[in-house]
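Some notes on the structure that comes next.
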Amino acid sequence: MRTLFTLVAGFAMVLCLTACQKSVTPVTADEMSLGDAKAPVTVVEYASLACPICAMWNNQMFKPFKAKYIDTGKVHYVLREALVHDPALAAAGFLTARCAGKDKYFKVVDDVYHAQAEMEEGGQPEAVLQRIAHGAGLTDEQFQACIKDPKALAAVNARWDHYVNDDHINATPTFVINGKVYDGGFMPMAQMDQAVAEAMTRGK
């Protein structure tokens with residue numbers, strides 16, 4: 001895998017993460033999100049498409065979480081892109097999702113998470129990502145241009161650099177629920193239920 005996505009790897013830096021915490025960057029209208037922006041609770045997840053725990057949470061928890069909270073108007077969910085574990089793979093996956101368009105972004109993210117083990121075990125991550133890109137309507141040429149776009153690569157790197165240096169994110173997944181940071185990794189539904197209930201009481 002380390003021989004693939006060489007251009008992406010050149011941009012996707014492995015950064016030294018700090019343990020300090022402070023208030024995270026406020027959510028803006030142009031972020032990748034699901035649900036009503038005016039929902040009483042905002043859940044921000046910092047996650048990497050190459051992170052096994054992030055994939056586990058997505059594959060096991062996201063569907064019931066979405067049905068219970070996002071689809072019912074209780075939660076505005078925001079995904080912030082982290083570049084950890086395999087920064088090149090994470091960057092290429094996020095760029096593919098963005099090139100597919102905002103309406104298909106989360107479908108591509110979900111597909112990449114479900115194919116994570118296949119990419120790790122099979123040693124052909126670029127081929128798997130290209131298959132996912134096809135499913136999202138991208139041609140081979142569009143996919144290759146997407147993951148090699150220097151401006152897009154610089155932008156995803158800059159976002160991650162900001163999350164590390166300014167939001168002090170030191171683990172994935174990290175959840176921020178109405179401003180309260182939960183950085184213990186995998187978050188079972190019972191814990192999420194409690195956190196959302198507390199956020200509704202606390203307010204934004």
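Residue check: is Gly185 touching a Pro at 6+ places or on another chain (Cβ under 8 Å) and on the phi > 0 side of the Ramachandran plot? It is true that Gly185 is touching a Pro at 6+ places or on another chain (Cβ under 8 Å) and on the phi > 0 side of the Ramachandran plot.
Would you check if Ala127 is farther than 28 Å from Asp167 by Cα and out of contact with any helix residue (DSSP H, G or I) (no Cβ under 6 Å at 6 or more places or on another chain)?
Spelling it out, Ala127 is indeed farther than 28 Å from Asp167 by Cα and out of contact with any helix residue (DSSP H, G or I) (no Cβ under 6 Å at 6 or more places or on another chain).
Selection within the range 145-165: residues that are under 20 Å from Glu31 (Cα atoms), in contact (Cβ under 8 Å) with a residue 60 or more places away in the chain and touching a helix residue (DSSP H, G or I) at 6+ places or on another chain (Cβ under 7 Å). The member of this set that is surrounded by the fewest Cβ atoms within 10 Å (Cβ to Cβ) is Ala154. Quick one: Ser48 ticks every box in (1) over 19 Å from Val128 (Cβ atoms); (2) crowded, with 23+ Cβ neighbours inside 10 Å; (3) of a type in the set (Ser, Thr, Tyr) except a single one, so which number is it? Among (1) over 19 Å from Val128 (Cβ atoms); (2) crowded, with 23+ Cβ neighbours inside 10 Å; (3) of a type in the set (Ser, Thr, Tyr), Ser48 violates only (1).
So, in the range 152-177, of the ones that are of a type in the set (S, T, N, Q) and assigned to a helix (DSSP H, G or I), which residue ends up nearest to the chain's Cα centre (by Cα)? Among those that are of a type in the set (S, T, N, Q) and assigned to a helix (DSSP H, G or I), it is Asn157.
Criterion first (touching a Cys at 6+ places or on another chain (Cβ under 8 Å) and surrounded by fewer than 19 Cβ atoms within 10 Å (Cβ to Cβ)) does Gln142 satisfy it? Quick ask: steps written out before the conclusion?
On the way: touching a Cys at 6+ places or on another chain (Cβ under 8 Å): yes; surrounded by fewer than 19 Cβ atoms within 10 Å (Cβ to Cβ): yes.
Here the answer is yes, as Gln142 does meet what is asked.
Quick check, is Lys66 touching a strand residue (DSSP E or B) at 6+ places or on another chain (Cβ under 8 Å), basic (Lys, Arg) and either modelled with pLDDT of 95 or more or farther than 24 Å from Ala171 by Cβ (or both)? In short, yes.
Can you tell which of Ala12, Ala29 is over 13 Å from the mean Cα position of the chain (by Cα), surrounded by fewer than 11 Cβ atoms within 10 Å (Cβ to Cβ) and at pLDDT below 95?
Unique residue meeting the criteria: Ala29.
Contact map, the range 23-52: residues that are among the charged types (D, E, K, R) paired with residues that are assigned to a loop (DSSP other than H, G, I, E, B) and surrounded by 15 or more Cβ atoms within 10 Å (Cβ to Cβ), Cβ distance under 7 Å, separation 6+ or inter-chain. Pairs shown: Glu45/Pro173.
The values are calculated or read from the model by the stated rules, or taken from the named source; none is laboratory data. Being a predicted model, the structure only gives us computed values, none of them experimental. Virtual Cβ from ideal backbone geometry, glycine too; neighbours counted across all protein chains shown.
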